[in-house]
Structure formats: C-alpha cells, structure tokens
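Before any comments, here is the structure.
A short reminder: the numbers here are calculations on the coordinates, not readings from a lab. Computed from a prediction, not measured in an experiment: that's the story for all the values here. Here Cβ is always computed from backbone atoms with ideal geometry, including for glycine, and neighbour counts include all displayed protein chains.
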C-alpha cells in the first residue's frame with residue numbers, strides 16, 4: 001500500500017496526467033459532479049458521486065462507427081473510429097466499478113464490440129472507497145462493499161491522507177510510475193473502512209431483499225398486476241436510463257452532411273416509444289410495456305442469462321433523479337408485495 | 001483497423017425481380033462478385049443504404065445457391081421504400097448472417113415437412129424449401145400451404161407453379177383471400193384451409209406469416225392434434241445491432257437476433273407474450 005498527503009493531491013494528479021489523460025470527479029459550471037479531464041486547478045468534488053456514471057468514458061453517449069462516401073450507385077467505406085487514447089479515471093465508486101462487469105458481459109461477449117474493448121484496454125480504473133454513503137445507496141444488496149471497491153487501483157481518502165493500493169497489472173504499472181507516493185502499512189485504511197461499514201448498516205436500503213426474482217418466476221413477474229399502477233405516472237423521459245451505469249442499449253443512426261454519411265452509435269432508452277417501432281408497428285405499444293421491459297431486464301432477464309447476477313449496482317442515481325420518484329427499489333418491493 | 005461486427009461490407013445488387021405490387025426480390029453479391037457469406041436457412045442479414053438506414057431481412061435464397069444471396073422484401077418503411085426505388089448495379093452495405101436458422105440438419109432431418117406461409121412470410125421459408133428440394137433424399141414428404149390476399153400477391157409465383165408444383169413428393173396448396181378472375185384454386189384464409197386439408201399429425205410444421213395468421217393457424221393445427229413442439233416459426237422485431245447488444249429485440253430473456261429468429265412454439269410458452 002502507498003499513500004500521499006491529501007494536501008498533495010494536486011501533485012499526484014499532475015504526476016498521473018504526465019503519463020496519461022486523467023479524469024477526476026469534479027464540479028462542472030452547473031455545480032454538478034462529472035468526470036472532467038484534469039488540468040491544474042481542477043479539484044476533486046466533495047459530492048459522493050457524479051451525476052452521470054463512469055460508463056461515459058468507456059461507452060460514450062455518441063461515437064462514430066464508420067463513414068460512407070456515396071456517389072451515384074457506388075459507395076466507399078471510410079474508417080472513422082474515434083481515436084482511443086490511454087487514460088486513467090480516478091475516483092470511481094464501488095457501484096460504478098461493478099457496472100463494468102455488467103457492461104463487459106454484454107460488450108465483450110462474442111461477437112466482441114471492438115469500440116468498447118479498445119476503451120477498456122486503454123482505461124485504468126482507480127476507485128475510491130466511500131466514506132459518506134447516502135440514503136439512496138443500496139450497493140450492498142448486490143454484494144458490493146463500498147468500503148473496499150475493486151478496480152485496477154483502490155484508494156481511500158480521509159481528512160489527512162489518500163491511501164493507494166494497486167490490484168491489477170495495469171494498476172501496478174501505473175503505481176510504479178508515481179514517485180510521489182510513499183509506502184505505508186495495509187492496516188492504515190481499516191479505521192476508514194470500519195467507519196464506512198457502520199454508516200452502511202444504518203442506511204434505510206441496507207436490508208433490501210432481492211430474492212423472488214429468479215428466472216423460474218419470469219412469467220409470474222411479467223404478468224404481475226402491479227405493472228399497471230407502477231408505470232402509470234412514468235413520463236418516459238429516459239432519465240433513469242441515461243444516468244444508469246449499467247444501461248447499455250444503443251441506437252445506430254446515419255447523418256448525411258452532403259459529402260459523406262457518418263454512421264454513429266448513441267445511447268437509446270427502452271423507455272422511449274420509438275425504441276421498438278418498426279414499419280408495421282411496435283410490440284411495446286404503451287408506457288406500461290416499456291417500463292416493465294426496463295425493470296424486468298435489470299431484475300429478471302439479465303440475471304437469467306448471467307448466473308443470477310442482477311443488472312443493477314445500487315448506485316441510487318435513479319432514486320435521486322426520477323422526476324416522479326419512481327425507481328427500481330419501489331418496483332422490486334411492490335412486485336414482491338403483490339406477488340405474495 | 002480492427003474489423004468490428006457493426007461495420008458492414010459492400011455489396012452490389014445484380015438482379016431485381018418484381019414479384020408482386022409491393023414485393024421485390026433483390027440479388028446481392030459482394031463487390032468482388034462473390035457470395036457475401038455462407039448461411040443456414042432461416043438466418044437473416046442487415047442491409048443498409050447509408051443515409052437512409054439499416055434493417056434486418058431474412059435471406060430468401062437457399063445456402064445451396066453458390067453465387068449470391070436473395071432477399072424478398074416488402075415495401076413498407078423507409079429502407080424498404082428506398083430499396084424498391086433502386087436499380088440493378090446499386091451498391092448497398094451488407095453484414096451477417098445472424099440468428100440460429102431452422103434446424104435443417106438435425107431436428108428436421110428425415111421428417112415429413114409442412115410449410116405454412118402467408119404473404120411475405122414465404123421469404124424465410126423459401127430458403128428452407130429450396131434447401132430441402134436440393135437435399136431431397138434427406139426429408140420425407142413436403143407439403144406447402146401458401147396464401148395471400150390475391151393471386152397477384154403470391155411471391156415468386158412462377159417458381160411455385162413451374163418448379164415446386166411439378167416435383168414428385170411435394171404438394172403445393174395455394175389459397176387467396178377473395179375470389180378473383182382467372183383463379184380456379186382455393187379461396188379462403190390460411191388457418192381454415194389448413195384445417196380443411198386435415199394434415200397427418202406426424203408432420204413437422206414450419207410457419208411464417210402475419211401474427212394473426214400464426215395465432216389462428218396454430219389453433220387449427222392443435223384442433224387437428226398437432227403439438228406445439230412440432231411447430232417452428234420465425235420472428236421479426238426491431239433490431240439495430242443483430243448481435244445481442246443493442247437491447248431491443250428481446251422477448252423475455254431471449255434475443256430474437258441471436259437466440260432466434262427461429263423458435264419452436266412450445267419454447268414460446270415460457271416467454272412473455274410480447275411480440
């Protein structure tokens with residue numbers, strides 16, 4: 001384990017930025033925390049987490065796939081892949097770090113998505129243990145320990161010191177290049193972790209029970225009468241999907257600028273009415289079906305295809321951001337209540 | 001550049017055949033003049049016109065055609081309208097093949113087969129029918145029930161009349177929705193026609209058509225004594241990637257693009273009715 005004084009964080013960030021692009025959670029001009037490219041003067045946010053998750057850096061909201069040059073009946077395929085530079089993302093929380101396991105299972109399974117893979121290979125994830133988990137946090141329901149996040153490097157921060165522990169070869173290579181860090185004892189973070197776990201125990205969603213979503217209950221859950229009431233107020237704004245660290249649905253669109261056609265991929269949302277719209281209609285005609293799809297996917301469909309692992313990491317963003325205060329916790333509780 | 005499955009290859013349309021007032025068949029080869037890929041009957045491919053869009057189509061030709069792939073496409077949306085307006089020699093993009101296809105070499109081998117198609121639903125079955133004709137000794141008797149709105153809406157009518165109808169061991173049963181001058185064949189909807197024909201329940205059924213036809217034909221087959229486990233169908237839902245990643249073609253925990261598009265109807269009992 002290594003450490004550096006909290007007052008020297010700027011020197012640490014400068015040392016990392018000398019090697020690779022560095023993104024840290026910092027407040028933007030609107031006062032919201034987001035992962036911002038570090039340069040001198042960019043300071044670590046005081047907020048628990050970023051408004052949007054760290055997935056943006058690996059699966060950006062919009063990215064170029066390929067260009068086409070079209071003339072009369074002929075066409076040409078032109079490489080237009082966005083350059084993938086090596087980068088470090090610092091300050092990823094335990095929940096967001098786990099979301100990469102879920103995104104990996106989608107994008108790195110055959111056939112591999114080479115766009116995502118390039119960013120995963122180029123990116124080093126430095127996590128930061130939580131010291132002030134919020135009432136909306138429920139990562140514990142998914143077996144995630146906010147006091148001991150995974151990642152290439154794990155950090156802990158108290159009032160005085162940042163502690164730094166490398167976990168992977170990538171993390172070790174980065175650590176070796178950072179002479180500003182000094183050695184320290186592994187036990188240095190035990191007090192921080194204990195303090196975090198004490199807070200976690202008292203959080204209202206700490207004991208969220210997610211049993212009852214096994215794949216053999218798929219049809220029963222799909223036909224649960226609660227979906228009508230649960231979805232009634234949904235505006236279909238898609239905010240939950242955009243802030244969600246595990247939502248990975250995408251659209252592919254073409255933009256014709258008159259000279260070339262740019263084919264790009266962008267985030268999409270199962271909450272939108274045109275998500276499954278085809279020339280002959282849609283199989284999810286009302287918000288009830290779209291709403292049900294989103295939660296069934298996280299709680300039942302994804303786990304059914306992934307050894308029971310849920311497609312949610314308990315980051316709590318949807319609890320904070322939904323304009324009608326609907327969220328996966330309410331959905332899970334209501335479904336269980338009605339199923340009884 | 002590492003090739004990504006989302007990046008298509010270029011193809012060229014070498015033949016366009018007008019089948020019905022709203023269906024054309026397009027023959028596509030790679031720009032090297034060769035068949036773009038090998039496929040299994042029932043599989044699909046993505047065709048696109050850059051700037052217009054990309055969409056998934058079932059491959060109509062049999063894998064036994066050595067030089068090309070065909071797509072019978074009904075004009076009904078943006079991409080299909082554009083395809084219908086193009087001429088021979090047009091380049092398009094193509095990627096695939098996608099999906100599981102029909103189990104032609106396993107579960108269907110040695111069986112008496114009953115094909116039931118409605119309208120453009122013949123497109124995916126056409127590939128299987130011609131595959132079975134090519135390897136005729138691998139299959140038992142073949143019955144084909146095909147219906148459409150009118151005689152003019154039967155896709156690939158000349159091939160049906162001149163080839164399928166003339167082969168031993170293949171019985172073709174055509175029907176149209178309403179009486180029409182010059183038509184002395186059966187008139188009526190597919191589900192009733194299937195019941196009237198009272199097929200032997202030892203047959204394995206491959207069915208494709210509009211959802212309403214599937215629903216009532218299945219009920220008719222069950223009345224005759226068929227079990228759902230004897231019936232295969234193929235689905236079509238909105239897709240962007242066809243790789244199991246864009247997240248929209250799922251029926252429950254199954255993705256039509258990779259777990260389908262071919263499903264046995266008893267498997268569908270375990271999936272939500274959302275298709």
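Overview of values
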| item | result |
| --- | --- |
| Cα-based helix-to-principal-axis angle, B:122-134 vs chain B, degrees rounded to 10 | 80 degrees |
| Protection proxy ranking of A:24-30, A:91-97 - average other beta-carbon atoms within 10 Å, highest first | A:91-97, A:24-30 |
| Rg to Rh quotient for region B:1-142, alpha carbon positions, Kirkwood Rh | 0.98 |
| Viscosity 1.306 mPa s, 10 °C: Kirkwood-radius Stokes-Einstein D of the protein assembly as shown over Cα pairs, µm²/s | 59 µm²/s |
| Other protein chain Cβ atoms within 10 Å, averaged over every residue that makes up A:246-255 | 4 |
| Peptide A:104-114, shielding by other chains (average Cβ, 10 Å cutoff) | 4 |
| Sum of -39500 (n - 2.57) over DSSP H runs of 4+, divided by residues of the protein assembly as shown (222 nm, nearest 500) | -7000 deg cm²/dmol |
| For B:246-258, mean number of other protein chain Cβ atoms within 10 Å | 6 |
| Burial ranking of peptide ranges A:59-68, B:140-149, A:220-229 (average Cβ count within 10 Å, highest at the top) | B:140-149, A:59-68, A:220-229 |
| Equivalent ellipsoid, region B:112-251 (semi-axes from 5 times Cα gyration tensor eigenvalues, Å) | 24, 18, 17 |
| Chain A, Rg to Rh (Cα coordinates; Rh as Kirkwood inverse mean 1/r) | 0.99 |
| Translational diffusion coefficient (Stokes-Einstein; Kirkwood radius from C-alpha pairs) of chain B at 20 °C, 1.002 mPa s, in µm²/s | 112 µm²/s |
| Mean Cβ neighbour count within 10 Å, used as a protection proxy, ranking A:49-56, A:328-335, A:284-291 highest first | A:49-56, A:328-335, A:284-291 |
| Viscosity 1.567 mPa s, 4 °C: Kirkwood-radius Stokes-Einstein D of region A:260-340 over Cα pairs, µm²/s | 88 µm²/s |
| Using alpha-carbon coordinates, inclination of helix B:211-224 to the longest axis of chain B, degrees | 30 degrees |
